[in-house]
Structure formats: structure tokens, C-alpha cells
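Report on the following structure.
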């Protein structure tokens, strides 16, 4: 119950911030010099979420990285349940994944914008399926979904940014992000695909030309293609000229401006959005430069190149995609870009992982499907497979997602404050059991200290990971799952965890710790209000890191009221599951 109150309190603070933003949200957004502004000329910081996995599945989101592209996932599903049920599955997928309840919740958490990753095949037929070459058959499905999403955004005064994530024939050599079939010519090798892309954007702009809650058009997501050296630079990271990319971006802009003079045009460079060689200067005075940031350090130097582009070409910046990391990295990145007047859109709102606001639970029987699709197990029966897939469809719904308040706390409250908050309502009265993983919400070095708090997977020579167990919450603390339990593991010397509790009555309490150890050196201390309550308590060798035992109780005196105490791992090398308090002077 208290956890819900904490979430409610956090949401209340976020709503105050959101209301302040909404009160200033006036009409169409536009580029004005180095910043995005509203029609009153007020600067707007976009705080957005990408709706990844809805219109476009990427395998890694659903523990299917070995399969990759959506069309391949669809073929695997078809293999186990047939064509009719596969079509039924995808209809339900589009219905369940993102709903008004999702948008309402994200508005309450503090988001003021949404980025919609669109798959072109919900709006128009593939080039090879057009009966008349060069013509475009428009499909109502995608437009209707976009209309619904826009209505939910408008109701919450949230800007909707349209993002062509999967362009016709695919815009790069990272296949899953655009659902590209490598057996077909790419967008860059197919003039009909480029013309269809241009026509789609004209159609979208015509439809939404007069919608002020459309924040802008992100016209091609993460191009990654080597034009000059397709073999050695096949993702375009070192491309020097980018001639075909600049030309297509200009052609799309021209088509949009034929029907829509108001909306921001958002462009992305090659090499996953960041290589602007040859792309600039801009050709339209209402243009925003997007860049994407993953797995590098959150320093001014890391974004300096983009700040220089902003200054040189007098165009606003937008961090159009980021995330997929720990809460420490989230807070640092958002603080960095906002301090430079740059808005952001996170990736993504839900998947089968903890590093997003919403986690999709893995359905029962899913491992059997995974094993079969990976060639490691027998084929499930149609009935078994369909039961699992139906449960997945139910698990997609926000009502059945696992909400991670720590992620939201890091993205909003922690950016503004170093204060900590209780993760759960913990009352120490006659007795209390505190789960080790329920340490306070807050920044690294304020709510906890861990020597490895984030992943820098794009920084050579840095092999940190953050939460090494990937369980329960997205802070830097290493958490492992054991059945329905979670515990802290990979504990290093000097690490600590803070807990805030309510003590209704002052008095003497016995404190003990549930631990597992395979060495004789581990030590624990406890401090509260600058006082040492427990000094270097020996953690006995329990005979193994899964052999749980409770330490000998130590008596401590607790004052009445709200108390924050820290458990210090003076000497690590053990696993930590629970803290027990028992009142002694009853």
C-alpha cells in the first residue's frame, strides 16, 4: 500500500511539472534558432517516450534476438499456429500493446510527448505487391491507429511525433530496426521504394497538416548504410558525403511542404542518426537535428559534436532516441541534455526487461517456443503454442505489465533532486522483515553505492554492466532472482544500501541479516543518523552462495520516527537477502 502512496506522491509532483508544461503549450511547435518553441515563442523541452514494439517488433524486445526481424517472427508464429491464428495474433497485438491507458499513465508520470515508430506496411502495400507499378495503395489500418493515438495524446496535451522507423525496403544494414528482408533491394537501391516513402510522408502531412498536437515529422529513423564503401562501412558510420541520404531527405521535405507548411521536419544523419557529413546545411527553416545516444559516457564531450552542429547551422537539437541502460545512466543523460536545452525521447515504454517503465511478463510455455524456434527443442503442439501466444497478448496490456517506479523516478525526480524516497512502506514495530532489494529510491551515492552502475557498451575498454542479474529494479545494484525471491549479489568491498523506515516506538531491537557466503572474511556495518549501530559484524561462511542462513542477532537502539539507515558491506563476497528486526523490550 505504501509503495502505491509513494508512486502517487511521485506522480503528484510530476503532474505539477506536467501541468506547468501544459499551461505553456501553445499551438504548433517550431524551430526558432537553436531551440524548439511553441507559438508564443516559449522554449519547449520535449520529454518523450518511444512506443517501440507496437507497430514494429524487434526480436530482442521479446527475448527473440536470434530471430531478429518482425517478418521472421511472424513466419515462426505461422509455423506453429497457422496463417489464420497468426493474423488473429497480430490484430490483437496492435490492439493490446499500446492503449489510451498507456498514454494516460505516461502523461501522469511526466511525459509530454510520444514518438511513434511507424511500420510503412500498416499504411501502404510493399512495392512488390502493388498491382500497378509506381502506384500507392493506402491501407486504413495504420492511419486509423495513428488517429486513435493522436486523440489519446491530445486528451493529455501530449505532442505526438511521427517516426518512420521501417521505411519501404529498409533504410539500412541493421535489419531488425526496419524489418528489412536482405533478399530484396534496400531503400537506397530501389527508386520505387524511395518514391513510396516520399508519397507516404506527403499523405501523412496532408492528413495532419492542421493538427497542433502533432509535434513533428521524424522522416527516416537511423539510416545506417555505406554509400561510398558498402563493404567496409556498411552501416555508414564513416560516410563522408551521404549524397543519397541528403537527396531523399530533401525530396521528402519538398513533398511535405506541398501540403503542410507548419510542422517541424526532424532529420537524422547516417550511422544510426549521428553522421551528418554532407547532410547539412539544412534546406528548410523549420528543421530539427536529431541524434541518438546509447552506451557512452554522459559528459559534455560526448555531445559536443552535436552542440557544434547546433551552433554552426543555427538549428535545434533533439535526442530522438536513448535509453536501454541503468537508472544511473538515465538520470545522468537526461540531466546532461536538459542542461543544454535539449529535449529527448526514450526507448522504450515496454518490453521483456526491467530497464523501461513497463515490463512485459514472460508467459508460461514461452521457453518451449524459444527453444523450438532456435532449433534446440521439439515443436510444441498448436494448442500449446496458441495458449502461450494468447497469454503473451494478455501480458502486453498495461494492466498486466510490471510497473518499475524506479525507472520513472530516475528519469524525472532524480534529474531535479538528490533526495531519496522509500521504495516501500517499512514499519519496524514488534518485528519487521526488510527485503534487501527494497533499498531507497534515489541516485547512486545517495540511495546506494555500487561500484558498477551502468553499461558503457559503446565505449571501448569499459566492461561495466549495471545490475548484473537484471532482476527486480533497474538501479546499479546487482540483483538476482531465486524462484519468487530476489537477493543482492556480486557484492564488492565498500558498497552500501540505504533503507528508510518508520519506527512507531523507540526502544531496543534485535537486528540480523539473511545471507549466503562461501568465505570467512565478509563484514557488515550499519549506520543511522551519523551513528554506528553495528560495527563490522562477521558474516559467517554458510557453505555456499545459495546456502542461506541468518546471522547472530545484534541489539540496537532505534529512535521513534522516520529513520534512514545504511547497511555497509565493509568486506564483500557474499549474497544478501533480508534484514530482520525484532523488538526486545516488549
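So which residues in region 23-40 are surrounded by fewer than 18 Cβ atoms within 10 Å (Cβ to Cβ), modelled with pLDDT under 95 and out of contact with any helix residue (DSSP H, G or I) (no Cβ under 9 Å at 6 or more places or on another chain), if there are any at all?
Scanning region 23-40 gives 23, 24, 26, 27, 39.
Within region 459-470, count every residue that is in contact (Cβ under 8 Å) with a residue 40 or more places away in the chain and either in contact with a helix residue (DSSP H, G or I) (Cβ under 7 Å, 6 or more places away or on another chain) or crowded, with 16+ Cβ neighbours inside 10 Å (or both).
2
Working carefully through the options 136, 169, find the one that is more than 22 Å from residue 320 (Cα to Cα), crowded, with 24+ Cβ neighbours inside 10 Å and in contact with a helix residue (DSSP H, G or I) (Cβ under 8 Å, 6 or more places away or on another chain). Full working, then the answer.
Details: 136 fails: crowded, with 24+ Cβ neighbours inside 10 Å.
Only one candidate qualifies: 169.
What are the residues in region 307-322 that are touching a strand residue (DSSP E or B) at 6+ places or on another chain (Cβ under 9 Å) and in a helix (DSSP H, G or I), if any?
Listed by number, the residues that qualify are 307, 309, 310, 313.
Please determine whether any residue of region 285-300 is part of a strand (DSSP E or B), without any contact (Cβ under 8 Å) to a residue 40 or more places away in the chain and within 21 Å of residue 29 (Cα to Cα).
yes
Sort through 473, 505 and tell me the only one that's in contact (Cβ under 8 Å) with a residue 12 or more places away in the chain, in contact with a strand residue (DSSP E or B) (Cβ under 9 Å, 6 or more places away or on another chain) and within 28 Å of residue 418 (Cα to Cα).
So the residue among 473, 505 that is in contact (Cβ under 8 Å) with a residue 12 or more places away in the chain, in contact with a strand residue (DSSP E or B) (Cβ under 9 Å, 6 or more places away or on another chain) and within 28 Å of residue 418 (Cα to Cα) is 473.
Is it the case, given these coordinates, that residue 93 is at pLDDT 95 or above and within 30 Å of residue 287 (Cβ to Cβ)?
In short, no.
Which residue, of 304, 325, is out of contact with any helix residue (DSSP H, G or I) (no Cβ under 9 Å at 6 or more places or on another chain) and outside any strand (DSSP E or B)?
After applying the criteria, what remains is 304.
Considering region 139-165 alone, what residues qualify as being outside any helix (DSSP H, G or I) and either without any contact (Cβ under 8 Å) to a residue 40 or more places away in the chain or surrounded by fewer than 19 Cβ atoms within 10 Å (Cβ to Cβ) (or both)?
139, 157
Which of the following residues is free of Cβ contacts under 8 Å to residues at least 60 places away in the same chain, closer than 24 Å to residue 223 by Cα and either part of a helix (DSSP H, G or I) or more than 22 Å from the chain's Cα centre (by Cα) (or both): 128, 135?
After applying the criteria, what remains is 128.
Taking the options 540, 477, 526, name whichever one is crowded, with 21+ Cβ neighbours inside 10 Å and over 22 Å from residue 415 (Cα atoms).
Exactly one of 540, 477, 526 is crowded, with 21+ Cβ neighbours inside 10 Å and over 22 Å from residue 415 (Cα atoms), namely 526.
Can you go through 378, 394 and tell me which one is at pLDDT 95 or above, more than 20 Å from the chain's Cα centre (by Cα), surrounded by fewer than 22 Cβ atoms within 10 Å (Cβ to Cβ) and in a loop (DSSP other than H, G, I, E, B)? Steps first, answer last, please.
Values: 394 fails: in a loop (DSSP other than H, G, I, E, B).
Just a single option satisfies the conditions, and that option is 378.
Condition first: part of a helix (DSSP H, G or I) and modelled with pLDDT of 95 or more. Can you find one or more residues in region 352-366 that meet it? Don't jump to the end; show me each part of the working.
Of the residues in region 352-366, the ones part of a helix (DSSP H, G or I) are 366.
Those still in the list that are modelled with pLDDT of 95 or more too: 366.
The answer is yes; a qualifying residue exists.
Inspect all residues belonging to region 1-14 and state whether any of them is in a loop (DSSP other than H, G, I, E, B) and at pLDDT below 50.
Yes.
Are any of the residues in region 558-578 without any contact (Cβ under 8 Å) to a residue 24 or more places away in the chain, at negative phi and out of contact with any helix residue (DSSP H, G or I) (no Cβ under 9 Å at 6 or more places or on another chain)?
Within region 558-578 (the criterion being without any contact (Cβ under 8 Å) to a residue 24 or more places away in the chain, at negative phi and out of contact with any helix residue (DSSP H, G or I) (no Cβ under 9 Å at 6 or more places or on another chain)), the answer is no, since none of the residues qualifies.
Against the definition (out of contact with any strand residue (DSSP E or B) (no Cβ under 6 Å at 6 or more places or on another chain) and either loosely packed, with under 14 Cβ neighbours inside 10 Å or more than 19 Å from residue 439 (Cβ to Cβ) (or both)), how does residue 572 come out, yes or no?
No: the conditions fail for residue 572.
Among the listed residues 455, 517, which satisfies the condition of being in contact (Cβ under 8 Å) with a residue 12 or more places away in the chain, buried (at least 20 other Cβ atoms within 10 Å of the Cβ) and closer than 17 Å to residue 327 by Cβ?
Numbers: 517 fails: closer than 17 Å to residue 327 by Cβ.
455 is the lone residue from the list that is in contact (Cβ under 8 Å) with a residue 12 or more places away in the chain, buried (at least 20 other Cβ atoms within 10 Å of the Cβ) and closer than 17 Å to residue 327 by Cβ.
Take residue 459 and decide whether it is in contact with a strand residue (DSSP E or B) (Cβ under 9 Å, 6 or more places away or on another chain) and assigned to a loop (DSSP other than H, G, I, E, B).
So residue 459 fails the test.
Let me spell it out: the conditions are (1) surrounded by 16 or more Cβ atoms within 10 Å (Cβ to Cβ); (2) free of Cβ contacts under 8 Å to residues at least 60 places away in the same chain; (3) closer than 24 Å to residue 61 by Cα, and residue 182 meets all of them except one. Which number is the exception?
All conditions are met except number (1).
In the list 77, 103, which residue meets the criterion of being within 16 Å of the chain's Cα centre (by Cα) and assigned to a helix (DSSP H, G or I)?
Just a single option satisfies the conditions, and that option is 103.
Any residue in region 64-90 that's on the phi > 0 side of the Ramachandran plot and at pLDDT 95 or above: show its pairings with residues that are part of a helix (DSSP H, G or I) and crowded, with 16+ Cβ neighbours inside 10 Å at Cβ separation under 9 Å, as long as the two are six or more apart or on different chains.
Pairs that qualify, where the first residue is on the phi > 0 side of the Ramachandran plot and at pLDDT 95 or above and the partner is part of a helix (DSSP H, G or I) and crowded, with 16+ Cβ neighbours inside 10 Å, are 68/59; 68/60; 68/175; 68/176.
Of these, 221, 238, 210, 277, which one is part of a loop (DSSP other than H, G, I, E, B), surrounded by 21 or more Cβ atoms within 10 Å (Cβ to Cβ) and modelled with pLDDT of 95 or more?
221
If you scan region 80-100, which residues turn out to be out of contact with any helix residue (DSSP H, G or I) (no Cβ under 6 Å at 6 or more places or on another chain), assigned to a helix (DSSP H, G or I) and under 24 Å from residue 346 (Cα atoms)?
93, 94, 95 - these are the residues of region 80-100 that are out of contact with any helix residue (DSSP H, G or I) (no Cβ under 6 Å at 6 or more places or on another chain), assigned to a helix (DSSP H, G or I) and under 24 Å from residue 346 (Cα atoms).
Checking residue 532 against (1) closer than 28 Å to residue 355 by Cβ; (2) over 38 Å from the mean Cα position of the chain (by Cα), which test does it fail?
(1)
Consider residue 212 carefully, then state whether it is touching a residue at least 40 places away in the same chain (Cβ under 8 Å) and over 15 Å from residue 117 (Cβ atoms).
Yes, satisfied.
The values are calculated or read from the model by the stated rules, or taken from the named source; none is laboratory data. Being a predicted model, the structure only gives us computed values, none of them experimental. Note that we place each Cβ from the backbone using ideal geometry, even for glycine, and neighbour counts take in every protein chain shown.
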